[in-house]
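Have a look at the structure below, then the notes.
The values are calculated or read from the model by the stated rules, or taken from the named source; none is laboratory data. All values derive from a computational prediction rather than experimental measurement. Here the Cβ positions follow ideal geometry from the backbone for every residue, glycine too, while neighbour counts run over all protein chains shown. Accessible surface is based on the protein model in full, side chains and every heavy atom, while ligands, DNA and RNA are left aside. Shrake-Rupley method; radii C 1.70, N 1.55, O 1.52, S 1.80 Å.
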Amino acid sequence: MIRPPAQVGQALHDVDTPALLLDLDAFEANLRTLRESLAGHAVRVRPHAKTHKCADIAKLQVAAGAVGVCCQKVSEAEVLVEAGIEDVLVTNEVVGAPKIARLAELSKRARLGVCVDDLSNLRAIAQSGAKLDLYIELEVGMRRCGVEAGEALLALATEIHRYDHLRFAGLQAYHGRAQHVRSMAERRLAIGEAKEKVLATKALLAKNGIQCPTVTGAGSGTYMLEVEAAAWDEIQPGSYVFMDADYAKNEWAAPLPRFQHALFVLTTVMSRPAPERAIVDAGLKASSVDSGMPTVWGRPGLVYGRASDEHGSLEIAGDAAPPQLGDKLFLVPGHCDPTVNLYDWYVCFRGARVEALWSIGARGAVL
């Protein structure tokens, strides 16, 4: 592991760059905001750790009331279980003998869940002897994995009940495409359509004598819509702890609360080749641009225009305060999840001082 770019107690302006910063005041406020938004609602919280990939954050989420966490990969689950997280749901299909063997071994150490959408995969998991909670992934508009309500889904649920070491835990019903739909009205419509699919599936299962214990899903951009729909028992927000530039483009209105930006890339101005341009040391290897370029925090008139491997180019408006060589700037990543995967450490700060260093233990855990 690469050594940290900072030391506890260090002044923030002395931190080497590029570095991934976590504003602890904003992060803790986001934990409180989620909890407060759910007051009076009988829904469980299982935050998605694919966002942060960090056992320290997962433990704080559990301490704040989460029943466990989600992750997307078996290797992420291994890191979290090793760190003491006792209840992990892999919200993904796990295919192939090596991964299934690792899943089976991990199931001896923690309560573990996984998603299925194919009978042959289900049977391969069953043959491994793993003791697992199985969730059938329901297609609710994501157009990725998952099955529609119908005979294929019913066959999966029936097959699960054939095995004593497997438990049919319910449905995975996550509408990822809805998270970044900009208008509240369109997001509400998308989750309304997903609700109808969930209810139809539960009715189909009940008609065939199969109980559906849990419907789990939802993300940071819609979770209160799922809560109000009353068809979900558990929610899986991930980005709420950090937020990013793409989420900032969404319309935010009741019943969804507004979360604070807590995650930043600290970067240094390394060149001033022209009056209207500055170059910083955070490029493609420091911030993911799949959802758009990062934004410059707290510096009106500075626009991050393009990125190359090691450099970012800032456009400077004529009336903007120009950055000087050596200045440190905060960037809000376009997409928090893949940006986190570029770093080994969170440099956690409060005010102008580094308060903690948290390892991103599941960085690169893609198996």
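So, in the range 54-96, of the ones that are within 15 Å of Val241 (Cα to Cα), assigned to a loop (DSSP other than H, G, I, E, B) and touching a residue at least 24 places away in the same chain (Cβ under 8 Å), which residue ends up nearest to the chain's Cα centre (by Cα)?
Cys54
How about the range 2-47: which of its residues are more than 13 Å from Trp345 (Cβ to Cβ), in contact with an Asp or Glu (Cβ under 6 Å, 6 or more places away or on another chain) and open to solvent by 70 Å² or more (accessible area, probe 1.4 Å)?
If the condition is that a residue be more than 13 Å from Trp345 (Cβ to Cβ), in contact with an Asp or Glu (Cβ under 6 Å, 6 or more places away or on another chain) and open to solvent by 70 Å² or more (accessible area, probe 1.4 Å), then Arg44 is the only one that fits.
Of a type in the set (Val, Ile, Thr), farther than 18 Å from Tyr135 by Cβ and open to solvent by less than 40 Å² (accessible area, probe 1.4 Å): does that describe Val227? Write out each step before concluding.
Working: of a type in the set (Val, Ile, Thr): yes; farther than 18 Å from Tyr135 by Cβ: yes; open to solvent by less than 40 Å² (accessible area, probe 1.4 Å): yes.
In short, yes.
Any residue at all in the range 63-70 that is open to solvent by 50 Å² or more (accessible area, probe 1.4 Å), β-branched (Val, Ile, Thr) and closer than 23 Å to Gly238 by Cα?
Kept after step one, since they are open to solvent by 50 Å² or more (accessible area, probe 1.4 Å), are these residues of the range 63-70: 63, 65, 67.
When the remaining residues are screened for being β-branched (Val, Ile, Thr), the result is 67.
Now narrow it down to the ones that are closer than 23 Å to Gly238 by Cα: 67.
Within the range 63-70 (the criterion being open to solvent by 50 Å² or more (accessible area, probe 1.4 Å), β-branched (Val, Ile, Thr) and closer than 23 Å to Gly238 by Cα), the answer is yes, since at least one residue qualifies.
Being over 30 Å from Tyr240 (Cα atoms), assigned to a loop (DSSP other than H, G, I, E, B) and open to solvent by 20 Å² or more (accessible area, probe 1.4 Å): is that true of Gly129 here?
Yes: the conditions hold for Gly129.
Taking the condition of being within 24 Å of Ser239 (Cα to Cα) and touching a residue at least 60 places away in the same chain (Cβ under 8 Å), how many residues in the range 293-341 meet it?
Qualifying residue count for the region: 12.
Which ones in the range 30-59 are among the hydrophobic types (A, V, I, L, M, F, W, C), in contact with a strand residue (DSSP E or B) (Cβ under 9 Å, 6 or more places away or on another chain) and closer than 18 Å to Tyr223 by Cα?
To start, the set of residues in the range 30-59 that are among the hydrophobic types (A, V, I, L, M, F, W, C) comprises 31, 34, 38-39, 42-43, 45, 49, 54-55, 57-58.
So of that shortlist, the ones also in contact with a strand residue (DSSP E or B) (Cβ under 9 Å, 6 or more places away or on another chain) come out as 34, 38, 43, 45, 49, 54-55, 57-58.
Matches in the range 30-59: Leu34, Leu38, Val43, Val45, Ala49.
Only residues that are in a strand (DSSP E or B), open to solvent by less than 20 Å² (accessible area, probe 1.4 Å) and under 29 Å from Arg32 (Cα atoms): list them for the range 268-295, please.
Taking the range 268-295 and keeping what is in a strand (DSSP E or B), we get 268-274, 277-280, 295.
Then drop every residue that is not open to solvent by less than 20 Å² (accessible area, probe 1.4 Å), which leaves 269, 274, 278, 280.
Within the range 268-295, no residue meets the criteria.
In a strand (DSSP E or B), at pLDDT 95 or above and more than 15 Å from the chain's Cα centre (by Cα), is that true of Val227?
Working: in a strand (DSSP E or B): no; at pLDDT 95 or above: yes; more than 15 Å from the chain's Cα centre (by Cα): yes.
Spelling it out, it is not the case that Val227 is in a strand (DSSP E or B), at pLDDT 95 or above and more than 15 Å from the chain's Cα centre (by Cα).
Any residue in the range 346-367 that's within 18 Å of Asn92 (Cβ to Cβ): show its pairings with residues that are assigned to a strand (DSSP E or B) at Cβ separation under 8 Å, as long as the two are six or more apart or on different chains.
Final answer for the pair search is Ala362/Cys71.
On the basis of being touching an Asp or Glu at 6+ places or on another chain (Cβ under 8 Å), under 20 Å from Ala49 (Cα atoms) and at pLDDT 95 or above, does Val147 make the cut?
So Val147 does not fit the description; no.
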